[in-house]
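Novice: Before we start, here is the structure in question, set down as structure tokens.
The values are calculated or read from the model by the stated rules, or taken from the named source; none is laboratory data. Note that the structure is predicted; figures quoted are calculated from it, not measured. Heads up, the Cβs are rebuilt from the backbone with ideal geometry, glycines too, and the neighbour counts pull from every protein chain shown.
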Amino acid sequence: MKIIDIIQLLILAGLWGGSFLFLRIAAPIIGPIWLIEIRVLLAGLVLLLFTIYFQLLGEIRRNIIPIMVIGCIGTAIPFVLFAFASQFLPSGFNSILNATSPLFGTVVASIWLKEKLTINRIVGLIIGFAGVVIIVGWKNFVITQSFVYSVSGAFLAAFLYAVAAPYAKKHLSEVSALAIATGNLLSAAIILLPLMPFTVPTQLPTTTVIFAVIVLSLFSTACSYILYFRLLNSVGATKSLTVTYLIPVFAMIWGKIFLQEEITQSMIFGCSLILLGTAIINDLFTGLFNKKLDEN
């Protein structure tokens, strides 16, 4: 990765880490469907202005089918699932479940893209999922039906991210990041629109909730999606998904600072195993070892 890619990756991790904080604040008040509909519609409309200005609407029209597919499996469904989970899970914990995306991505790539499942990747998968088991099974949470549904939904969302990334790389690699982000978000808004009459919020949002939704839409969605698709086109699907390794760190920090959420030893230990597993999957240690040999 180039320095500019690493900087963009860190900014993206900070923005997406903050999204779990805003979901935690807003989802219990206005519900997952309305929250995500407002999030993607507002972000999509803002980006649409820039898309029109740069005359990129033609790119969206020519690639409308793959863009709508990404809008469904890469945005609408996983966004709603994480918003649902945020009603019952701390933001840091929720983001750690999101960090399983690269692990799912390895399996998806081996089956769909026929990438070889090496010993390193198998070991990384085992270590990474051990971290997930520790986080989910060794904790201070009461096992309730809502907890089980939330964790299951978060895992499904992470899996869908893992499917969407290689699909976007394969079908949209020649399309500008702005066009993909705009079409993706507006497609998600259209997909969720029919569900809104059945999920009307029962209480009015506070000023804090309104602020959280606006920041979530403009910064953690509009800006971050441009960064994500730029990274996807420049460094590929596997390396782009590594942003999810860094998200739990930012999410736990934001949750601790603004919501006084507890950071448990099991969360830290489990997160460390996930990071170790995904680093092994991406041959990070092999690359460092080879570089050391070359220097010698």
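So that you can scan it fast, the table gives a plain yes or no per residue for (1) aliphatic (A, V, I, L, M); (2) within 18 Å of the chain's Cα centre (by Cα):
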position	(1), (2)
PRO201	no, no
SER217	no, yes
THR221	no, yes
LEU246	yes, yes
GLY255	no, yes
GLN260	no, no
THR264	no, no
ILE274	yes, yes
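Here is a yes/no grid of residues against (1) assigned to a helix (DSSP H, G or I); (2) charged (D, E, K, R); (3) within 26 Å of PHE22 (Cβ to Cβ); (4) touching a strand residue (DSSP E or B) at 6+ places or on another chain (Cβ under 9 Å):
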residue	(1), (2), (3), (4)
VAL46	yes, no, yes, no
ILE60	yes, no, no, no
ALA83	yes, no, yes, no
LEU89	no, no, yes, no
GLY92	yes, no, yes, no
PHE104	yes, no, yes, no
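Novice: Shifting gears a bit: With SER234, SER187 as the choices, which residue is modelled with pLDDT of 90 or more and either buried (at least 21 other Cβ atoms within 10 Å of the Cβ) or part of a helix (DSSP H, G or I) (or both)?
Specialist: Unique residue meeting the criteria: SER187.
Novice: I'd like to check something: does segment 40-48 contain any residue that is over 21 Å from the mean Cα position of the chain (by Cα) and surrounded by fewer than 24 Cβ atoms within 10 Å (Cβ to Cβ)? First the steps, then the outcome.
Specialist: Filtering segment 40-48 down to residues over 21 Å from the mean Cα position of the chain (by Cα) leaves 48.
Next, from what is left, pick out any that are surrounded by fewer than 24 Cβ atoms within 10 Å (Cβ to Cβ): 48.
Yes - at least one qualifying residue is present in segment 40-48.
Novice: Just checking, does segment 24-32 include any residue being of a type outside the set (Gly, Ala, Ser), modelled with pLDDT of 95 or more and in contact with a Lys or Arg (Cβ under 8 Å, 6 or more places away or on another chain)?
Specialist: Within segment 24-32, not a single residue is of a type outside the set (Gly, Ala, Ser), modelled with pLDDT of 95 or more and in contact with a Lys or Arg (Cβ under 8 Å, 6 or more places away or on another chain).
Novice: The conditions are (1) at pLDDT below 95; (2) farther than 18 Å from ILE77 by Cα; (3) out of contact with any Pro (no Cβ under 7 Å at 6 or more places or on another chain), and ILE214 fails exactly one of them. Which is it?
Specialist: (1)
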